[in-house]
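Before any comments, here is the structure.
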Amino acid sequence: AEYWDRPGAFARECVRWPRGKGPTDYQIEILDEVPTSQRLAVRSPHGAGKTTTAALLVLWFALTRDGKDWKVVTTASVWRQLSKFLWPEIRKWARLLDWSRIGREPFADGRELLTLQLKLSTGEAFAVASDQPSSIEGAHADHLLYVYDEAKAIPAETYDATEGAFSGAGDDASALAFALAISTPGEPQGRFYQIHKRDAGYEDWATRHITLEDPIAAGRISRSWAE
């Protein structure tokens, strides 16, 4: 209950960060914006910690919603983004969770935490290919989180397939379905671009632009590398 709507605090307080390390201010702001805005699209340069942010959001949602009916659907523009990047990142941060703070035993490998799935007592997080919109449309639960990783190339049909989860939410900030679409910028086309352009029909999405200066200031990117 303490972290129900505070994913930023979960990231700060429930992870055993190395001394002198921790989430950046913009990562905290992104995490806290998801339960506030319900749907958030973030564009960011390489090296800013996008995948880490998405992984921490998945772990927060699973651990705060378990005991209720919940699901997390993760998808990406290509399957290897899920199998080689996002889900290894989820497993990495799961190993660094402060279980004494969380109040349960670590995830059981092979039973709860699998290669592309986290299955707890009353719900699960899992990977779905973005070229299978019907698989995403079939996700039903009282509490839903959608994560679109490298979202710039995810088909519009996949975004549309998730809309049913938001149909009863209206303007209620306590809505039970959330979405995070996060990506480096790409070509000026596609749903992710339309959302950030603020095209008509996508007003329900909040947007955030992590500028190059943000991760440079946080020490995540060197200016010489960027140049």
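The values are calculated or read from the model by the stated rules, or taken from the named source; none is laboratory data. As the structure is a prediction and not an experimental result, all values here were calculated from the model. Neighbour counts are summed over all protein chains in view; Cβ atoms, including those assigned to glycine, are modelled from backbone coordinates with ideal geometry. Only protein heavy atoms, including side chains, enter the accessible area calculation; ligands, DNA and RNA are left aside. Shrake-Rupley method; radii C 1.70, N 1.55, O 1.52, S 1.80 Å.
Per-structure values
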| quantity | calculated |
| --- | --- |
| Projected label distance in nm at GLU227 and ALA1, using a 7 Å step from Cα toward the beta-carbon | 5.5 |
| Whole-percent carbon and sulfur share, accessible surface of region 74-227, 1.4 Å | 47 |
| Theoretical gain in end-to-end length, ARG111 to ARG208 [0.36 nm per residue, Cα-Cα removed] | 31.3 nm |
| Among SER224, THR158, THR53 - extreme Cα towards positive end, dipole of the chain, charges at beta-carbon | SER224 |
| Label point 7 Å beyond Cα of ARG101 along Cβ direction - residues of region 43-71 with amide nitrogen under 18 Å | 52-65 |
| Among beta bridges that DSSP assigns inside the chain, antiparallel share in %, nearest 5 | 15 |
| Column: log10 I(q)/I(0), Debye, Cα scatterers of region 138-227, q = 0.10 Å⁻¹ | -0.34 |
| Distance histogram in 10 Å bins (all Cα pairs of region 4-103, percent per bin) | 14, 50, 33, 4 |
| Region 94-161 pair-distance distribution - Cα-Cα, 5 Å bins, rounded % | 3, 13, 21, 19, 18, 11, 9, 4, 0 |
| Inter-centroid distance (Cα atoms) of region 207-227 relative to region 79-104, Å | 24 |
| Chain lengthening between ASP142 and THR184 when straightened (0.36 nm per residue, less Cα-Cα) | 12.0 nm |
| Trypsin sites (Lys or Arg not before Pro) within region 21-87, DSSP loop, no more than 11 other Cβ atoms inside 10 Å | LYS21 |
| Computed Kirkwood radius, in angstrom, where 1/r is averaged over Cα pairs of the chain | 17.7 |
| Loop trypsin sites (Lys or Arg not before Pro), region 135-227, which have at most 11 other Cβ atoms in a 10 Å radius of their Cβ (DSSP) | ARG198 |
| Solvent exposure of region 135-227 as accessible area per residue, Å², 1.4 Å probe | 52 |
| Cα-based Rg / Dmax (Å) for region 50-176 | 14.3, 42 |
| For the chain: lysine pairs under 23 Å (alpha-carbon distance), excluding those fewer than 8 apart on one chain | 16 |
| Solvent exposure of region 6-131 as accessible area per residue, Å², 1.4 Å probe | 43 |
| Selection from THR64, PRO215, PRO7, by position along the positive dipole direction of the chain (Cβ) | PRO215 |
| Low-density loop positions, GluC sites (Glu not before Pro), region 122-205 - DSSP coil, at most 13 other Cβ in 10 Å | GLU203 |
